[in-house]
Amino acid sequence: MKYYFTLQNICLSLFLFLFFSGCSKEEVQGTNEQIVVQISTIDALLQGVFDGETTLNKLTSSGDFGIGTFNSLDGEMLFYNGTFYQIKGDGKIYKPAGDTKTPFSTITYFAPEVNYNLNSFSYEELKNTIDTLIASPNLFYAIRLQGNFNYVKTRSVPAQQKPYPPLVEVTANQPEFEIQSVSGTLCGYYCPPFVTGINVPGYHLHFISEDETFGGHVLEFELDEGTLDLDQITNFKLILPGEGEFLNTDLNADLSGDLEEVEGS
Ligand SMILES: [Zn+2]
């Protein structure tokens, strides 16, 4: 095929150059270079490695969306539209300072490719539906579900004192919260089965209400109506702690049983 440099082609090229050079960093990353960035591993968290060295300010260079927890396991993290929310064990929601640190979190730039309108969905139904919507169970998907919920049940975790116990001991007495008729947003991830030991295989979602008074790690919900956005991601970056307890923790064991108890959903 021949290509001729006609005036029309030159004009088109100039237009495309100007168009793409005008795109923001986030848009380019959203379409071409999306990466799931993860701090530490789920098995380290299960073993009680509750202190990390990464600040929230640092995380903002890796995305605008994500979930995780805070040093000393001081509540559930939800990172949404570039704002960090800390749902503490008292059930209240705080906006943590940028120098707050995280021992475990999963961050990305959220740039959904597709969205769906959903009615009357439970957590189980959502999982089954996303299973049928995604191109492959072997990729990462960032998930956002915004809407009106008839019911949401969450949990959080209270801050721990050293020596830290295993996570499964903390969640055995976890504070749980329930709310009826609430508008809000679920954020989280589907991770492929081969992340065992590193992240949570399958679904992991956190919730925040629109009025920012209710949230946490999602255990159950009943959606009335809402919009589901899915973002397929094929790049994964793991950032391990270079110091602290992580270096001395035995990560040989298969902790899948502990993880199932801890996730509770
Ligand atoms: Zn969680």
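The values are calculated or read from the model by the stated rules, or taken from the named source; none is laboratory data. Fair warning: this is a prediction, and the values are worked out from it, not measured in the lab. When we count neighbours, we look across all protein chains shown, and the Cβ atoms used for this are built from the backbone with ideal geometry, even at glycine. Only protein heavy atoms, including side chains, enter the accessible area calculation; ligands, DNA and RNA are left aside. Shrake-Rupley method; radii C 1.70, N 1.55, O 1.52, S 1.80 Å.
I want to verify a result. In a Gaussian network model of the chain, Cα cutoff 10 Å, which of these has the top mean-square fluctuation: 46, 238, 56?
Highest fluctuation of the listed residues: 238.
When the accessible area of segment 30-263 is computed with all protein chains present and a 1.4 Å probe, what percentage of it is carbon and sulfur?
45 percent
Would you mind working out the magnitude of the charge dipole of segment 136-265 relative to its Cα centre, with +1 at each Lys and Arg C-beta and -1 at each Asp and Glu C-beta, to the nearest 20 Debye?
In debye, rounded to 20, segment 136-265 gives about 320.
Which ³J(HN,Hα) values, rounded to whole Hz and listed in residue order, are derived for segment 76-90 from phi using the Karplus coefficients 6.51, -1.76 and 1.60 in 6.51 cos²θ - 1.76 cosθ + 1.60 with θ = phi - 60°, glycine and proline given as x?
Residue by residue, segment 76-90 yields 8, 9, 10, 10, 9, 6, x, 10, 8, 10, 10, 9, 7, x, 7 Hz.
Which residues make up the longest stretch of the chain clear of chymotrypsin sites (Phe, Trp or Tyr not before Pro) that lie in a DSSP loop with no more than 14 other Cβ atoms within 10 Å, not counting the sites?
Maximal segment without exposed cleavage sites: 6-265.
Given contacts defined as C-alpha pairs under 8 Å and at least six residues apart, what's the relative contact order of the chain, whole-number percent?
26 percent
For the chain, what does -39500 (n - 2.57) per DSSP helix run (n ≥ 4), summed and divided by total residues, give at 222 nm, in deg cm²/dmol to the nearest 500?
Counting only the DSSP helices, I get -5500 deg cm²/dmol.
Under a Cβ-only charge scheme (Lys and Arg +1, Asp and Glu -1), can you give me the dipole magnitude of the chain about the Cα centre, in debye to the nearest 20?
Dipole of the chain, to the nearest 20 debye: 940 debye.
Kyte-Doolittle cut-off -0.5, length cut-off 18 Å along the helix's own axis using Cα: show which whole DSSP H helices in the chain pass.
7-21
Could you tell me which of the pairs 101/153; 92/153; 58/101; 92/127; 88/153 are separated by over 20 angstrom between their Cα atoms in the structure shown?
In this structure, 101/153; 92/127 lie more than 20 Å apart at Cα.
Per residue, how much accessible surface does the chain expose to a 1.4 Å probe? Answer in Å², no decimals.
Normalised by residue count, the accessible surface of the chain is 49 Å².
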